[in-house]
Amino acid sequence: MITQLKELRAHKGFVSLIGARFISNLGNGLSPIALAYGVLSIPGADGKDLSFVMAARFVPMVALMLVGGVVGDRYKRNRVVGGADIIGSIFVAISAISFLGHFPSVWLLALMGAIFGVLNALWWPAMVGVLPEILPKEKLKDGNAIVALSSNIGFVVGALIGGTLVTLYGSGWALLIDAITFLIAGILLWNLDLPPMPKREENSVIHDLRIGWHEFIARPWVIAIVCSFAVINMCFESIWQVLGPLAYDQGDNGPRNWSLNLAAVTTGMICGSALALKVKFKRPLATSMIFIAISSVWNFAIASSQPLIITMICGAISGVAIDIFMVQWNTAMQSHIPEESYSRVAAYDALGSFGIAPIGVAFAGPAAAYFGITPTLWATGILTFIAAIASLSVKSLRTLK
């Protein structure tokens, strides 16, 4: 890993990119704990309110993702990403101040989340296109692995700090730190010295989306992964945003114990990134989807009320699987999709992969209240396993090198 990092440092902008991802994800490690237990601390709030707040962040992101893809292919991607982070820090800070000033409300947090979702729709397609502008194609796998490693180290540090901060001081300070990290990361990304976007014909948004759609549907392996992850992300976001915090919403140590689970998952991701640097899979996507099927052990461990150490171990296994997949997937996309339409294809990917995630998040709280937390968690694990295995039926996915 040290050798690869030394080689990649020579490419202008790479160090700033991994620094920004570390700082931003430190804040991202704080926010799910702070926001979830902040909502549950509001008098009268319950799992349904938590689902409402978390879903509010997803709906505008999904609805506007295709527009974000067009923006990411028209304008300098680092400026789109940096600008979204800088503006987003303002709305995270407003949420933080509401807790520090003792006037939080479910509707205020949902509104701030919805605005942040709009910014995320711009951020996501542009962000995945930044690295190919910094590194040549033959370096992308190593670059993706190191970016993921940096991001995950930041997240695990944030998750560990977040559990302690929320337990001792409440959600306000944790969210304020999250806002500061977004601001710093945004400035770093805004100031990257990347080449201007290539000149292209001035076409309508519809025309640009049509071109991106043709690139997207031309590859059955892309469609297979996206369809599978529509189900997988729905289940994962349900447990990450709602079901996990509800399962650990017992006693004073609930935030700490949930933060340890998140830290375990992210520690597994760190190991997955390191493994992706060392190992070259002959069939990268097929192998990755087998790992994703195995990742459902975390759902099952929490569902069966295993001791904390067992759920953490299973979370770490899940994290290894997730990051092995992410490195292989990003590298495959960046290697096979034309750079000039990459953000639009990534937008279709994100739209499909997360399209029904808001539904899962919105219904997770009510489902847990009606059926119980345990049956709902079992359902997420079973659906994850089936969706991952089903993707292997597509030949081009199994044979992609």
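This table checks each residue for (1) in contact with a Ser or Thr (Cβ under 7 Å, 6 or more places away or on another chain); (2) among the basic types (K, R); (3) closer than 24 Å to T266 by Cα.
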| residue | (1), (2), (3) |
| --- | --- |
| G101 | no, no, no |
| W123 | no, no, yes |
| A126 | yes, no, yes |
| L131 | no, no, yes |
| E138 | no, no, no |
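A56 meets all of the listed conditions (1) touching a helix residue (DSSP H, G or I) at 6+ places or on another chain (Cβ under 8 Å); (2) free of Cβ contacts under 8 Å to residues at least 24 places away in the same chain; (3) of a type in the set (G, A, S) but one, namely (2).
For the residues S295, S238, S273, the requirement of being more than 26 Å from L149 (Cβ to Cβ), of a type in the set (S, T, N, Q) and touching a residue at least 12 places away in the same chain (Cβ under 8 Å) singles out S238. Residue count for region 105-134 under the criterion of being crowded, with 23+ Cβ neighbours inside 10 Å, out of contact with any Lys or Arg (no Cβ under 7 Å at 6 or more places or on another chain) and assigned to a loop (DSSP other than H, G, I, E, B): the result is 1.
So that you can scan it fast, the table gives a plain yes or no per residue for (1) free of Cβ contacts under 8 Å to residues at least 60 places away in the same chain; (2) not hydrophobic (A, V, I, L, M, F, W, C):
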| residue | (1), (2) |
| --- | --- |
| A286 | no, no |
| I317 | yes, no |
| T331 | no, yes |
| V345 | no, no |
| L383 | no, no |
| R398 | no, yes |
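Per the listing A63, A93, the residue uniquely of a type outside the set (S, T, N, Q), at pLDDT 95 or above and farther than 19 Å from G19 by Cα is A93. Mind listing whichever residues of region 353-378 are among the small types (G, A, S), outside any loop (DSSP other than H, G, I, E, B) and in contact (Cβ under 8 Å) with a residue 40 or more places away in the chain? Listed by number, the residues that qualify are S353, A357, G360, A362, A364, G365, A368, A369.
Given the condition part of a helix (DSSP H, G or I), charged (D, E, K, R) and over 20 Å from the mean Cα position of the chain (by Cα), answer yes or no: does some residue in region 44-58 qualify? Yes, there is a match, as at least one residue in region 44-58 is part of a helix (DSSP H, G or I), charged (D, E, K, R) and over 20 Å from the mean Cα position of the chain (by Cα).
The values are calculated or read from the model by the stated rules, or taken from the named source; none is laboratory data. From a predicted model like this one, the values you see are computed outputs, not experimental measurements. All Cβ positions, glycine included, derive from the backbone under ideal geometry; neighbour counts span all protein chains shown.
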